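Single-structure report; data block below.
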Amino acid sequence: MQDNKITARNVQVYYGDNQAIKDVNVDIADKTVTAFIGPSGCGKSTFLRCLNRMNDTIDICRVEGDIRIDGEDIYDPKVDPVQLRAKVGMVFQKPNPFPKSIYDNVAYGPKIHGLARNKAELDEIVEKSLRKAALWNEAKDRLAAPGTGLSGGQQQRLCIARAIATSPEVLLMDEPCSALDPIATAQVEELIDELRQSFSVVIVTHSMQQAARVSQKTAFFHLGNLVEYDETDKIFTNPEDPRTESYISGRIG
Amino acid sequence: MQSLTPLLLVITGLAVAGYFIAKSRAMKVAGGDIRTLVSLPRQHALNTVLSTSVPALAAILLISLYLRLTGGQGSWFFGFVVIGLAVTGFATSLIGIKQDRRARTLAERWILGLLIFASTIAIMTTVGIVFSMLFETYNFFGQYDWRNFFFSTTWSPNFRGNSDLGILPLLWGTLYISFIALAFAVPIGLFAAIYLSEYAGPRMRSVAKPAIEVLAGIPTIVYGLFALFIVGPALRDYFAEPMGLGQSASSVMTAGLVMGIMLIPFVSSLSDDIINAVPQSMRDGSLGLGATKSETIRQVVIPAALPGVIGAVLLAASRAIGETMIVVLGAGAAARLSLNPFEAMTTVTVKIVSQLTGDTDFASPETLVAFALGLTLFVITLGLNVFALFIVRRYREQYE
Ligand SMILES: Nc1ncnc2c1ncn2[C@@H]1O[C@H](COP(=O)(O)OP(=O)(O)OP(=O)(O)O)[C@@H](O)[C@H]1O
Ligand SMILES: [Mg+2]
């Protein structure tokens, strides 16, 4: 079943003189959930941001190596990062709704990319995305209210809805559940499982249980290195590297 | 009060002495171990300085105000009150130094008093100015019908006693020139701000931003000269005459353009700061959805910064409305109601100046009208400021 959606070879990332990612090689399969785990500051977000070239927006950041999505080098000068990001959606570590209404937040991507032919279609996309992100019941009566007026957890689900409204092929989620309560977390995990039918999902998480619950593959990062990458079951039951073992049993981090 | 200097010297002397005496007294009370004190020696010292000087200085100000208003003479009695207050504060705070005395919180109270006092002065000054204008305006309307002032379309003062003092042509000139200035300054200033904050690299920014801000430091009289000698004749020779719109070098357009140049840094510098304050995460969110840079700016950054940008524009508008020098030299002094931007017109501020220069008799309507004009202008700018505040408040909580 496993075609590789993303292949990364010898990826190095520098912030100025500081190397944040060291020689990472990874293959991310299509229609799977891949979890990135590792202690804070080990470069999970940095690596995630390489996959949709969000690091381009940071002046001092330099990416080396070869990253391909569907066999196409995304750092090739011919590739338009704007197009790429429409295909590779992202949910950020901190919720960042736009200062617009809830409706306009979700409709933002579809409007820019012309995904809806008319208002009715747009309404449908918005509703579907909000339902998937488990926000519809709370938001349906206040679609015109500003998105920034929602609670932190609701804002994060709004950002998830916004990301899936553009129907990306790959969804990158940076700790999407860190601000959510157990119920919303369960809903988002359900959503991730559902998204797996059609896209590949990469999720950064600090929760071992979550990684174990939602992902099929897990990558463990430590100090900018990819220490171990394998089937999730294997990582959590029988890790090869002693560092992985001590991290998942709670000794580093 | 001519004897202000000795009074101030006495207060300063007491305060300085109080500082050192309080410090050493606190040390002595502590018996060498300052941990036994509730407040530190320097806090006792601060308390002494403040309780010596604050009431005494406040008394000096109040007494001076009272003397001015009543036209009375300063006497030894007032000096006595001031010194008395200073000495009382000095003595009570020094005697009060005990181990468990909370000088730290007491000093806090004096500081609060000082701050309230300072803001009261600022507010009272404004109130005073408004009242004196109201008073003179009232006198003016006693001699001249207010309907003619507000609704007459001619402005032709003379000293024979049958002047027409209609504000409309002046107000029209003010608004027309301000409108042209803003129509010029707002887009240019905003685009410059967007370039500086979103596109320019740090090196370009460090050169360009101060360079634009230099414009704000040019005295308005220099802008006026520029309008008079360069912009005015150029506009006449290349636009007005070929298009048959007039022969005047002084025109609304000249003053408006030059004023617009003056306003560019107001708009750009403030907008730049405001755009920079929009969190990067907001831009990331938009770029992450596959929006281009300019889509992000148009649809996320500018809407988020809008209240602040509107504030900047309204501030520039108040500047434009109050500007005088550029208008005198650029637009001339003819009060006229006309739509032709190449015609000479004038503004409220220019007429205030011309009504008050030369031989003036402060009781005639021709001079008192200046107060009515000033008050009208003040009400307009006040309205603009209130409106700006309203907009900013209303939309402020939109992003964190
Ligand atoms: N914009 C930046 N400029 C400079 N250094 C950065 C920047 N962003 C991240 N870094 C550095 O890169 C390293 C990796 O950071 P990254 O944000 O990828 O960590 P992370 O694994 O996502 O951590 P967390 O779990 O806390 O989110 C850190 O040492 C960090 O200091
Ligand atoms: Mg992170």
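What ranking, highest mean first, results for peptides B:145-151, B:232-238, A:157-163 when packing means the other Cβ atoms within 10 Å averaged over each residue?
A:157-163, B:232-238, B:145-151
Note down the nm distance, to one decimal, between modelled labels 7 Å out along Cα→Cβ at B:Arg68 and at B:Asp33.
Going by the 7 Å Cα→Cβ label model, 5.5 nm.
To one decimal place, what orientation-averaged projected area in nm² is obtained for the convex hull of the Cα set of region B:160-396?
15.7 nm²
Just to confirm the number: angle between the C-alpha axis of helix B:76-95 and the first principal axis of chain B, 0 to 90 degrees, nearest 10?
The angle comes out at about 60 degrees.
Compute the semi-axes of the equivalent ellipsoid of the protein assembly as shown, taking the square root of 5 times each eigenvalue of the Cα gyration tensor, and list them largest first in whole Å.
Working from the Cα gyration tensor, I get semi-axes of 62, 43, 22 Å.
Using every pair of alpha-carbon atoms in chain B, split the distances into 10 Å bins beginning at 0 and state the percent of pairs per bin, rounded to integers.
Whole-percent P(r) values from 0 Å outward: 5, 16, 18, 17, 18, 16, 8, 3, 0, 0.
Could you grab the Rg to Rh ratio for region B:240-315? Cα atoms only, Kirkwood for Rh.
Taking Rg over the Kirkwood Rh, I get 1.25.
To make sure I understand, if each residue's beta carbon is the centre and we count other beta carbons within 10 Å, what order do B:Thr174, B:Thr92 fall in, fewest to most?
Fewest to most other Cβ atoms nearby, the residues stand as B:Thr92, B:Thr174.
If I fit a long axis through the Cα atoms of helix B:4-30 and take the longest principal axis of the Cα atoms of chain B, what angle between them do I get, 0 to 90°, rounded to 10?
The answer is roughly 50 degrees.
In nm, to one decimal, how far is the B:Thr292 label point from the A:Ser40 one, both placed 7 Å along Cα→Cβ?
4.0 nm
Taking 8 Å as the Cα distance limit and 6 or more residues as the minimum spacing, I'd like the relative contact order of chain B as a percentage.
Relative contact order, chain B: 17 percent.
Mind computing the radius of gyration and Dmax over the alpha-carbon atoms of region B:5-128? Å is fine for both.
16.6, 55
Averaging sequence separations of C-alpha pairs under 8 Å and six or more residues apart, then dividing by the length of chain A, give the relative contact order as a whole percent.
Across chain A, relative contact order equals 27 percent.
What net charge do the residues around A:Ile235 carry, taking every other residue with its C-beta under 13 Å from that of A:Ile235, with Lys and Arg at +1 and Asp and Glu at -1?
My count for the surroundings of A:Ile235 gives -4.
Expressed in nm to one decimal, what extension gain is obtained for the pair A:Asp76 and A:Ala145 from 0.36 nm per residue of sequence separation less their Cα-Cα distance?
Additional length available on full extension: 20.7 nm.
Going from the alpha-carbon gyration tensor of chain A, what semi-axes, largest first and in whole Å, does one get by taking the root of 5 times each eigenvalue?
30, 21, 17
Length gain on complete extension for the stretch B:Arg160 to B:Thr381, per 0.36 nm per residue less the alpha carbon to alpha carbon distance?
Going from the current span to full extension adds 76.2 nm.
Could you calculate the FRET efficiency of B:Ser132 with A:Ser207 from 1/(1 + (r/R0)^6), where r is the beta carbon distance between them and R0 is 51 Å, rounded to 0.05?
Efficiency at R0 = 51 Å is approximately 0.15.
Cα-based Rg (one decimal) and Dmax (whole number) for region A:1-105, in Å?
14.7, 42
Against the longest principal axis of chain A, how steep is helix A:152-165, in degrees 0 to 90 to the nearest 10, with axes from Cα atoms?
That helix lies at roughly 90 degrees to the long axis.
With r defined as the distance between the Cβ atoms of B:Thr120 and A:Asn137 and R0 fixed at 45 Å, what FRET efficiency is calculated, to the nearest 0.05?
Efficiency, rounded to the nearest 0.05: 0.25.
Readers should treat all values here as calculations from the given coordinates under stated rules, not as data from a laboratory. Predicted, not measured: the structure shown is a model, and the values here were computed from it. Using ideal geometry, Cβ is built from the backbone for each residue, glycine included, and neighbour counts are taken over all protein chains shown.
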